[in-house]
Amino acid sequence: MLNIISNIMKKTKEHLIVYLNGKFISKSAAKISPDDRGFTLGDGVFDTLRTYHGKLFSFDRHAARLFQGLSETKISIPFDKSELRIILENLVCKNTENDAVVRITITRGIGKGGYKFDSATAPTVYAVTRAVPNIASLRRKGVTLSNSVIPRPLPFINVVKTISLGAMALARIFSNTYEVVMKDYEGKISECSASTLYLIKNGKVKMPFRKKILPSITCSILCELIKIEESDIAEKHLLNADALFISSTSTGPIPVSLYEGRKFQTQHPILKKIYSLYDERIESECNQKSKL
């Protein structure tokens, strides 16, 4: 049985189609130069999107954030937002995945060593899909959080969704939980390594100040659906909360079951309301009911 599963996974990986510099090719055939500045310097940006029933959810917001990041980092690409949509929709279609996580990575391209760069060099554009997490299970069971021993990097990542995420990766390496809570250099709660953090207390939903964290598409949607107060948040506020939850593009809002040894309920009434409103937004935009 294990051999059968292994062969299926191997076959799936071999047949996965990716987009690389203007072409749709098998992932196994994709080649990126070892001199690419994304590899040598972490010089690039990325964005992650979700599809529901084959349709890109909240594409315009994701595209706006991506192109803002490209503008901030002075990376030029040979297509506009409408062409980007066509590329990603074709990628999803070629992989016959109705519900998928889609990541697009854009680097400054091949360098010649050091920091100087020839502006005539073309950027590297790579997009790939992956399977969606089991959202129903995550909502039911919740996830675990712990405090990061690594502080959150300086404010550059508040503006740009950079691929240079060594601090986030290291924070996760030092942890054995699903996510880690990161603090800024003032010691205040910021966000998790790859998601936004919220608490529920006395019927109110609170989160750290949005201006101090990376602009989150999912968070912006939740702020439209429910009232969320922004404030300075300390560890004691998290530990004394009635419930905690996090959100990201890949998962949407999901509950926290354990944080620093304290258990939390995963079926809080406000959380259930949030799930319902979020799913309704997906249904409205993607025209078909989300099967979460």
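All of the numbers you see were taken from the coordinates with simple rules; none came from a lab. As the structure is a prediction and not an experimental result, all values here were calculated from the model. No Cβ is skipped: glycine too gets one built from the backbone with ideal geometry, and neighbour counts run over all protein chains shown.
For a 32 Å ceiling on Cα separation, which of these pairs sit above it: 112/183; 23/55; 27/161; 23/141; 141/212? Present the calculation step by step, with values, prior to reporting the outcome.
On the way: 112/183 36 Å; 23/55 21 Å; 27/161 24 Å; 23/141 40 Å; 141/212 30 Å.
From 112/183; 23/55; 27/161; 23/141; 141/212, over 32 Å: 112/183; 23/141.
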Of the peptides 56-68, 249-261, how do they stack up when ordered by the mean number of other Cβ atoms within 10 Å, highest first?
249-261, 56-68
What is the spin-label model distance, in nm, from residue 270 to residue 237 if the labels are put 7 Å beyond Cα along the C-beta direction?
1.2
Residues residue 74 and residue 225, FRET efficiency given R0 of 41 Å [Cβ-Cβ distance, rounded to 0.05]
0.70
The chain - charge dipole about Cα centre, Lys and Arg +1 at Cβ, Asp and Glu -1, debye rounded to 20:
480
Rg/Rg_ref, segment 197-239, where Rg_ref = 2.2 N^0.38 Å and atoms are Cα
1.12
Using the beta-carbon distance between residue 141 and residue 40 and R0 = 51 Å, what value does 1/(1 + (r/R0)^6) give for FRET efficiency, to the nearest 0.05?
0.80
If you stretched the chain out fully between residue 118 and residue 201, how much longer would it get, using 0.36 nm times the residue separation minus the C-alpha to C-alpha distance?
24.6 nm
Check residue 50: other-chain or 5+ apart residues with amide H under 5 Å from its amide H, H built from backbone geometry?
57, 102
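Order these by the 10 Å Cβ neighbour count, fewest first: 96, 40.
Least crowded to most crowded, the residues run 96, 40.
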Amide H proximity to residue 30 below 5 Å, modelled H, separation 5+ or other chain, gives none
Quick check for me: using +1 on Lys/Arg Cβ and -1 on Asp/Glu Cβ, what's the dipole size of segment 185-256 about its Cα centre, in debye to the nearest 20?
100
I want to verify a result. In a Gaussian network model of the chain, Cα cutoff 10 Å, which of these has the top mean-square fluctuation: 202, 176, 98?
202
Pick out which of 229, 179, 97 has the largest mean-square fluctuation in a Gaussian network model of the chain, springs linking Cα atoms closer than 10 Å.
229
Sort 227, 27 by Cβ crowding within 10 Å, fewest neighbours at the top.
227, 27
Okay, which of segment 38-57 sit inside 16 Å, backbone N to the point 7 Å along the Cα-Cβ direction of residue 21?
38-40
Take the Cβ-Cβ distance between residue 277 and residue 176 as r, set R0 to 35 Å, and report the resulting FRET efficiency rounded to the nearest 0.05.
0.60
For segment 164-286, give the magnitude of the charge dipole about the Cα centre (Cβ charges: +1 Lys/Arg, -1 Asp/Glu; no others), in debye to the nearest 20.
320
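Determine by what factor the alpha-carbon radius of gyration of segment 214-292 differs from 2.2 N^0.38 Å, reporting the quotient.
Against the empirical 2.2 N^0.38 Å value, I get 1.18 for segment 214-292.
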Which one of 268, 278, 225 has its Cα pushed farthest toward the positive end of the charge dipole of segment 174-292, where Lys and Arg give +1 and Asp and Glu give -1 at the Cβ?
268
Using Cβ contacts closer than 10 Å as the measure, can you line up 275, 52 from fewest to most?
275, 52
Computed on alpha carbon atoms, what radius of gyration and Dmax characterise segment 136-286, expressed in Å?
14.5, 41
Between (i) 0.97; (ii) 1.03; (iii) 1.11, which entry matches Rg/Rh (Cα atoms, Kirkwood Rh) as derived from the coordinates of this structure?
(i)
